[in-house]
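The values are calculated or read from the model by the stated rules, or taken from the named source; none is laboratory data. The structure presented is a predicted model; accordingly, all values stated were derived computationally and were not measured. Here the Cβ positions follow ideal geometry from the backbone for every residue, glycine too, while neighbour counts run over all protein chains shown.
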Amino acid sequence: MSEQRLAAGAIAIGPAGQRRTSPRWEYVILGSGVAALLVLIVLPLASLLKSSFISAAGVGLANFYEVLTEPLYYNALLNSLQLGFWVGVLSVLVGVPFAWAVSRTNVPGKRFIHMTAIISYLSPAFLTAIAYVNMFSPNSGLINVFLRDVLHLPFLTFNVFSMAGLVLVTTLGTFPFVYLLASSALQSVDASYEEAAQILGSGRMRTALTITLPLVAPAIVAGTLLAFVHAIALFGSQAIIGLPARIPTLPTRIYSLFDYPPQNGVASALSLVFVLITVAALYLQRLFLARRSFVTLGGKGSRPQLVDLGPARWLLLAFCTLVFLISVLLPFSTLIAVSFSKTWGLNFWSGLTLANYKYVLVDYAITRKAIVNSLILATVAATVTVLIGAIISWIDLRTKFPGRRILDYIALVPLGLPGIVMAVALLQFWLSTPLPLYGTMAILLLAYVGRYVPLGVRAASTSLRQIDSSLEESARILGAPWVTTAREITLPLMRPGLFAGWLLVFVPVIQELSASILLFSSDTITLAVAVYNLFESGYTEPVAALAVVNMAIIGAAIWLATKLGGGRLGKASIQSPKIGAA
Amino acid sequence: MAGISIRGLAKNYAGKADMAALSNLDLEIGDSQFVTLLGPSGCGKTTTLRLIAGYLVPDAGTIHVNGKLLSSKTTVVTPENRGMGMVFQNYAVWPHKTVFENVAFGLKLRKIAAAQLKDQVERMLSLVNLSGLEGRFPNELSGGQQQRVALARSLVVEPDILLLDEPLSNLDAKLRERMRAELKQLQRRTGITFIYVTHDQAEALALSDQVAVMHGGKLQQFGTPLEVYAKPSNRTVADFMGLVNIIPAEVLDRTHVRIGPDAVLAMDVPEWAATGAAADLAVRPENVHLAILGAEPGGELTGTVTDRTFLGNIVEYLVRLPSGREVRAQAHPLVLAEPGAALKVRIDPTQCMLFPREAARPLAHAA
């Protein structure tokens, strides 16, 4: 302790007990870590806070007053809460049976059920929304038309432009949160807890209700809160379905505040309210997840016995298949069908064409540019994010720098920032500086790196934690200077983990819309923005082609990484908690 | 109180049909006995316990308790209907319930009235020295305390049979010693039939009325601690019950065995060993006596000390015999010989065991 205090702020960054032969490098790394977090997170958030207090009336709470009293704003707030609530409920209703089926029953097709959840998790929500509009828009949605005009069953039609439609489409991407957390909890409940209840005379049902459920409940609640946070932050689906349905939500309302003339103050205040909700939910989520730690307390655990469902297992499989149909098969096949049709309608198959692909890939300069931009941005953003992640986690785990825990916490902050809020914060900050960053690729890059820096840090610290520091210490005792140790020992050992982290960032960036929508310019348009703009302009068929291209890039990235990373990556990329623990 | 009768019990695990987890087990366990299932990991002892508890369905054989059929290939009484108790290796104390709630769980299932329930739980907690900790959660308890909660939870419902799966293996040495004594007392006092699984032969010897030594899914010997230690039925049991020297021997006649070029041991030769047959002589280190040369005339063997380990209450020697073979011997610390010294080696013929010759193989000791 005293050594640390003596060295505070100066040379305290060297790992304890090691010779500090080349402290300069350590300063550079420490400095760049601090600078990155300042520019990416701290300063933009400070600007957001500042601008929320500034209104035409001067400095004060006027913006917050307006946000909380104007129906225009508090209705959006209420709609968002309502959306999040119902998505949470529905996610439990789908995610828990999925988790139970896979981890505790003898249901056939477990791999299929698991993959259904994973593909749903990876599918961009705004593309699912577009697919659902193609199927269920009240007048021209193909399934609605079929039900009404061919089967003459108009009462069976479903209007996707409604809260129900929004909840349905959103849930398809969020139930996997509940599934993943609940199934990992179910698998880690030591079987002896249940067996102990059984031998005392407790039947299966009673054991499930008094022992198993209380043990996994924290994980289910945590997954639900994660689904909630994720759901309310999605700009794309809420704009595509919510706006025509006249259901404004927080992201779409914040977006509309930047129509000319931009109302920075109100937008900032509304953003902060948004952040407050998200952070509160995430705080609760961590609280519940922390309680889960007791699940794995036991020593040598035995695997739980699987419940023999008898014929009922086919019923469970049927339920899971229905979810597969709704969340994967229908939207994917719709988008593919639309992308090949001349005009989307009942007779789409009579005029199949490749023209839409030619249009978005060759003829139309904007989509062409968008694809290239997104590929560049995703590659650079993923690389930079992983690098920063490695730096932050290294500072946290391998140095004695007094503020290292704070750095680690700051790097987690973006988890609580919806994409559009990140964009608002960046706008407030960079528009107040003389640097003309607005409208450049740089500001998009800052948004992406800032948003996904928690993923980079998590990936890096997971792998750094697995490297025992004695491996590095033995290199140094042999005389290797710090830089050599990092290059020869630490980095090569971290590489698989960093690679996984890279993919973890690349995939969401290639489909990022919530922040990009406020930050793009005609030169820096991205793939997701191009899809959204085309959709808004009514280009139904080319939109689908571009959507398929988007999905193909995501699929290729995952495939490539799985191939290169030998399986480990593909699993890490889906954030399967089972792998995360390994 | 209850006796257990196991006949022809067998269990295979999926995908391992070639290696049975348990094959053809016959075991008669008397009323109010403390019986230990002893063996290295993978010997089938835990499988046996889980079959008795009803968590597993046997592939063959039957389990009767007091003449009532509990398990066979076709009918299995579920664990919750067996009226047994079980203490798990990791205690399985429910982390979301307090000490009181853990212990009260079984009584609630038996619909005991609240006042009586409270009374019974408190009595049981004081029996295991946990009074005053009723409101604690398991994560606020030490390993030994959790262990007692698990015991109390199983005992409060007054089972006829208590199954214990290596209950002491997660405790430190001192605490283990103490819990061992408490368990033994508890069993004597309650008269509950204890089936106790362990890989620790010292624990088995100290606790049990009867020990069932298991290896490779088969019962090797069932007898009192003294029997399995001093009169092991085969080399596997001899190996597992403690350190043992194996010396190649040749049967000379019904009363003599040659164990070296000039060393003949006078002992009773068992029936199976024909004159001239090759055999293995097993003798425990404490029955190999060392003496200073010339102190006692007419010894059979001399040997050279190659290594000496001081263990406190005893000294263990490795002694090389003229045949080149090394034997392990234990001596009182007062007999101190330096490595290189020549000593007289006397093997106590009454404590020797003769087994059919087997190919050399590693000792089957578990950790």
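Counting only residues that are under 19 Å from B:Asn129 (Cα atoms), in a loop (DSSP other than H, G, I, E, B) and over 17 Å from the mean Cα position of the chain (by Cα), how many does the stretch B:147-170 have?
So the answer is 3.
Out of the residues in the stretch B:96-120 meeting the condition of being facing chain A (nearest Cβ under 10 Å) and outside any helix (DSSP H, G or I), tell me which one is nearest to A:Pro214 (Cα to Cα).
My answer is B:His96.
For the stretch A:168-185, check the following and say yes or no: at least one residue is on the phi < 0 side of the Ramachandran plot and surrounded by fewer than 18 Cβ atoms within 10 Å (Cβ to Cβ).
The answer is no, given that none of the residues of the stretch A:168-185 is on the phi < 0 side of the Ramachandran plot and surrounded by fewer than 18 Cβ atoms within 10 Å (Cβ to Cβ).
May I ask you to verify whether B:Gly85 is part of a strand (DSSP E or B) and within 11 Å of another protein chain (Cβ to nearest Cβ)?
Against the criterion (part of a strand (DSSP E or B) and within 11 Å of another protein chain (Cβ to nearest Cβ)), B:Gly85 qualifies.
Quick one: what pairs do we get from the stretch B:194-217, first residue free of Cβ contacts under 8 Å to residues at least 24 places away in the same chain, second surrounded by 21 or more Cβ atoms within 10 Å (Cβ to Cβ) and among the basic types (Lys, Arg), C-beta under 9 Å, 6+ apart or different chains?
From the stretch B:194-217, no pairs qualify.
Per-residue answers, yes or no, for (1) at pLDDT below 90; (2) acidic (Asp, Glu); (3) over 26 Å from A:Arg246 (Cβ atoms); (4) in contact with an Asp or Glu (Cβ under 9 Å, 6 or more places away or on another chain):
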| position | (1), (2), (3), (4) |
| --- | --- |
| A:Ile54 | yes, no, yes, no |
| A:Val67 | yes, no, no, no |
| A:Glu70 | yes, yes, no, no |
| A:Gln82 | no, no, no, no |
| A:Leu93 | no, no, yes, no |
| A:Val102 | no, no, yes, no |
| A:Gly109 | no, no, yes, no |
| A:Tyr132 | no, no, no, no |
| A:Leu153 | yes, no, yes, no |
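So, restricting to helices (runs of 4 or more DSSP H) that lie completely within the stretch A:154-222, which ones have at least 2 residues that are away from every other protein chain (no Cβ under 13 Å)?
So the answer is A:163-188.
State all residues of the stretch B:65-76 that are within 13 Å of chain A (Cβ to nearest Cβ) and farther than 20 Å from A:Leu306 by Cβ; if no residue qualifies, say none.
B:Leu70
Does the stretch B:278-289 include one or more residues that are modelled with pLDDT under 85 and not small (Gly, Ala, Ser)?
So far as the stretch B:278-289 goes, no, none of its residues is modelled with pLDDT under 85 and not small (Gly, Ala, Ser).
Name the residue, out of B:Lys68, B:Lys45, that is among the charged types (D, E, K, R), touching a Ser or Thr at 6+ places or on another chain (Cβ under 9 Å) and at pLDDT 90 or above.
B:Lys45
Of the conditions (1) crowded, with 20+ Cβ neighbours inside 10 Å; (2) hydrophobic (A, V, I, L, M, F, W, C); (3) within 24 Å of B:Val288 (Cβ to Cβ), B:Val197 satisfies every one except a single condition; which number is it?
With (1) crowded, with 20+ Cβ neighbours inside 10 Å; (2) hydrophobic (A, V, I, L, M, F, W, C); (3) within 24 Å of B:Val288 (Cβ to Cβ) applied to B:Val197, the lone miss is (3).
Please go through (1) in a helix (DSSP H, G or I); (2) within 14 Å of chain A (Cβ to nearest Cβ); (3) modelled with pLDDT of 90 or more for B:Glu203 and return the number of the only condition it doesn't satisfy.
Unmet condition: (2).
Say whether the condition of being of a type in the set (Val, Ile, Thr), part of a helix (DSSP H, G or I) and touching a Gly at 6+ places or on another chain (Cβ under 7 Å) is met by at least one residue in the stretch A:33-48.
Checked against the condition, which is being of a type in the set (Val, Ile, Thr), part of a helix (DSSP H, G or I) and touching a Gly at 6+ places or on another chain (Cβ under 7 Å), the stretch A:33-48 yields at least one hit.
Pairs please, first residue from the stretch A:311-339 and of a type in the set (Phe, Trp, Tyr), second anywhere and crowded, with 19+ Cβ neighbours inside 10 Å, Cβ atoms under 6 Å, 6+ apart in sequence or on different chains.
Listed pairs, sorted by first residue: A:Phe324/A:Thr116.
At least 1 residues that are over 22 Å from A:Val28 (Cα atoms) in each: list the helices (runs of 4 or more DSSP H) lying fully within the stretch A:413-496 that qualify.
Qualifying helices (runs of 4 or more DSSP H): A:419-431, A:441-466, A:469-477.
Filter the stretch B:121-140 down to the residues that are in a helix (DSSP H, G or I) and within 14 Å of chain A (Cβ to nearest Cβ), then identify the one that is farthest from B:Arg82 (Cα to Cα).
Among those residues, the one meeting the criterion is B:Glu140.
Do you know which residues across the stretch B:344-367 are in contact with a Phe, Trp or Tyr (Cβ under 8 Å, 6 or more places away or on another chain) and modelled with pLDDT of 80 or more?
The one that is in contact with a Phe, Trp or Tyr (Cβ under 8 Å, 6 or more places away or on another chain) and modelled with pLDDT of 80 or more: B:Pro356.
With respect to A:Arg246, determine if the residue is charged (D, E, K, R) and away from chain B (no Cβ under 14 Å).
Here the answer is yes, as A:Arg246 does meet what is asked.
Using beta carbons and a limit of 8 Å, which pairs, at least six apart or on different chains, have the first residue in the stretch B:53-64 and at positive phi and within 11 Å of chain A (Cβ to nearest Cβ) and the second one in a loop (DSSP other than H, G, I, E, B) and aliphatic (A, V, I, L, M)?
Qualifying pairs under 8 Å: B:Gly54/B:Val77.
Inside the stretch B:132-186, can you point out the residues that are of a type in the set (Ser, Thr, Tyr) and either closer than 17 Å to B:Asp200 by Cβ or surrounded by fewer than 18 Cβ atoms within 10 Å (Cβ to Cβ) (or both)?
Listed by number, the residues that qualify are B:Ser142, B:Ser169.
Taking A:Val107, is it touching a Leu at 6+ places or on another chain (Cβ under 8 Å) and not in a helix (DSSP H, G or I)?
Spelling it out, A:Val107 is indeed touching a Leu at 6+ places or on another chain (Cβ under 8 Å) and not in a helix (DSSP H, G or I).
Can you tell me which of (1) assigned to a strand (DSSP E or B); (2) within 33 Å of the chain's Cα centre (by Cα) is the one B:Trp272 doesn't meet?
Unmet for B:Trp272, out of (1) assigned to a strand (DSSP E or B); (2) within 33 Å of the chain's Cα centre (by Cα): (1).
Yes or no: B:Glu80 within 14 Å of another protein chain (Cβ to nearest Cβ), over 26 Å from B:Ala206 (Cα atoms) and in contact with a Ser or Thr (Cβ under 8 Å, 6 or more places away or on another chain)?
So B:Glu80 passes the test.
Output the residues belonging to the stretch B:73-82 that are outside any loop (DSSP other than H, G, I, E, B) and not charged (D, E, K, R).
B:Val76, B:Pro79, B:Asn81
Using the structure shown, decide if A:Gly538 is of a type in the set (Gly, Ala, Ser), out of contact with any Ser or Thr (no Cβ under 6 Å at 6 or more places or on another chain) and at pLDDT below 80.
no
Filter the stretch A:427-462 for residues that are crowded, with 22+ Cβ neighbours inside 10 Å and among the polar types (S, T, N, Q); which is farthest from A:Leu48 (Cα to Cα)?
A:Ser461
Does any residue in the stretch A:198-212 that is without any contact (Cβ under 8 Å) to a residue 60 or more places away in the chain come within less than 7 Å, Cβ to Cβ, of a residue that is in a loop (DSSP other than H, G, I, E, B) and among the β-branched types (Val, Ile, Thr) six or more places away or on a different chain, and which pairs are these?
A:Leu200/B:Val157; A:Thr212/A:Val189
Looking for whichever is aliphatic (A, V, I, L, M) and within 30 Å of A:Arg253 (Cβ to Cβ) here; the options are A:Val457, A:Val413, A:Val483. Which one fits?
Every option except A:Val413 fails the conditions.
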